[in-house]
Amino acid sequence: MRTFLTLLTLIILTVEISSQWNLVTGTSGLEIRSIVISSNNIYVGTGGRGVFVSTNSGQTWRENAVAPSAIYVRDLAIDGNNLFAGTDGGVFISTDQGNTWTPKNTGITSLNILDIEVSGNNIFAVGDGGVYHSINSGNNWTQMNNGIDNSTLKAVAIGSNIVYVGGGGGIYTSNNNGLSWNKINTYTLWGTWVNALTLDDNLLYAGTWQKGIYVSNDSGTSWSAINSNMSTTMIESIIPISDNIFAATWGQGIYLSTNNGSSWNLINTGLPHNFFNSIAFSSTHIYCGSSAGFDGLMSRPLSELITGVENSENENLPTAFYLHQNYPNPFNPNTVISYQLPVGSNVSLKIYDMFGREVATPLNEFRQAGTHNLKLNIQNYSLSSGVYFYKLIAGGFSETKKMIYLK
């Protein structure tokens, strides 16, 4: 009996130790400012040490300095082979997985960039100087603050024919690629500092400073609080995965809701403290980082926290989100777009023209985990020949690729 109890105690202890956050090997001592993940590649923006890159899901890392002037890498965005860094020294781009970096600051008057987002040809960067917009891979930027009464902005999200920015003045929307902005004047968010904006299909999430999380299903016209037991929380980052929502907070650690925000639970076991400002997920793990100290990158298996996540050892399922290049390309008029889902997800596939305007939505519904092939007949959308971009969004993953339609 004593032997059995000892064994049982050991099993319970082993489960308790593994069911927690753990430091990712090779990241000890890093001050984490931002995280972005694409397939097996993990990119981490730091304070003072540039960008750390892993091409094997965090097993090994290499350090890549962005520039001497860019001390803090505040945000990272990836689009195909282009990796963008928003820093306190402006915007930088890498086309070789972070090995080398080129500054792209023509037209940017205030170099402190806090968030950057890419959609097709459109790139929006926000920071102390308000909104900057580029349509040529960041080679030139135009400041676009018409209608914005507080130029300190911290968050940007790009939707279907609408762009959202948030900061000290609340939330602003633009339906003309930033030429003019309208302030959301709902009482709910009036005067609220907005730290994070995240789009998931038709839902827009807003993370606020000391007012928790709000969600809108009508492009920001109306909002509902999803703040059960976290209404005064300072929200820094929001990641939705199907019916689950992860939130990184400043002061209370990491929250998880498994019912679309109706209730929340803290999942802090193993964390060094409760101050976190960045969060991201791969097909198998959730990652978080903090600029509160030099504690490195923390990770935890998704399968411990939410249902519907397959073990990565299942050879019948993809191990990462992935968007393939369409084939054939160029094409006329039929082509196939293939994509991979490691978990069941709400999937949106949209097509944009050269000016970043949405021209078609071939897919917008839930898909099970696996490899999917979308057969596209572009004549169904009455489009002329030319260059187009197709963008896949599934949970927190998004990627854009170019295709050419020849008549």
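What follows is calculated from the coordinates using simple rules that are stated; it is not laboratory data. Keep in mind that what you see is a predicted model, and the values were worked out from it rather than measured. Neighbour counts are summed over all protein chains in view; Cβ atoms, including those assigned to glycine, are modelled from backbone coordinates with ideal geometry.
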From DSSP H assignment alone, runs of 4+ in the chain each adding -39500 (n - 2.57), the sum over residues rounded to the nearest 500 puts [θ] at 222 nm at -1500 deg cm²/dmol
Spelling it out for R74: with amide H atoms placed in the peptide plane at 1.01 Å from N, the residues 5 or more places away or on another chain with amide H under 5 Å from its amide H are G86, T87, D88
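Which FRET efficiency value, to the nearest 0.05, do you get for N139 and A292 by plugging their Cβ-Cβ distance into 1/(1 + (r/R0)^6) with R0 = 30 Å?
So the FRET efficiency works out to roughly 0.25.
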Quick calc: nm separation of the 7 Å Cα→Cβ label points for D96 and D149 -> 4.9
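Just check the stretch 25-105 against the gyration tensor rule for me: Cα atoms, a ≥ b ≥ c as the square roots of the eigenvalues, rounded for a/c under 1.5, and otherwise prolate or oblate depending on whether a/b exceeds b/c.
The shape class here is oblate.
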Any residue on another chain or 5+ positions along whose placed amide H is under 5 Å from the amide H of G270 is listed here as W21
Note on the stretch 322-405: alpha-carbon gyration tensor, axes a ≥ b ≥ c; rule is a/c under 1.5 for rounded, else prolate if a/b larger than b/c, else oblate; result prolate
At R0 = 35 Å the Cβ-Cβ FRET efficiency linking I71 and N40, nearest 0.05, sits at 0.80
The distance between the Cα centres of the stretch 358-405 and the stretch 147-197, in whole Å, is 27
Looks like the stretch 22-304, by Cα gyration tensor root eigenvalues a ≥ b ≥ c and the a/c under 1.5 rounded cutoff (else prolate when a/b is bigger than b/c, oblate otherwise), is oblate
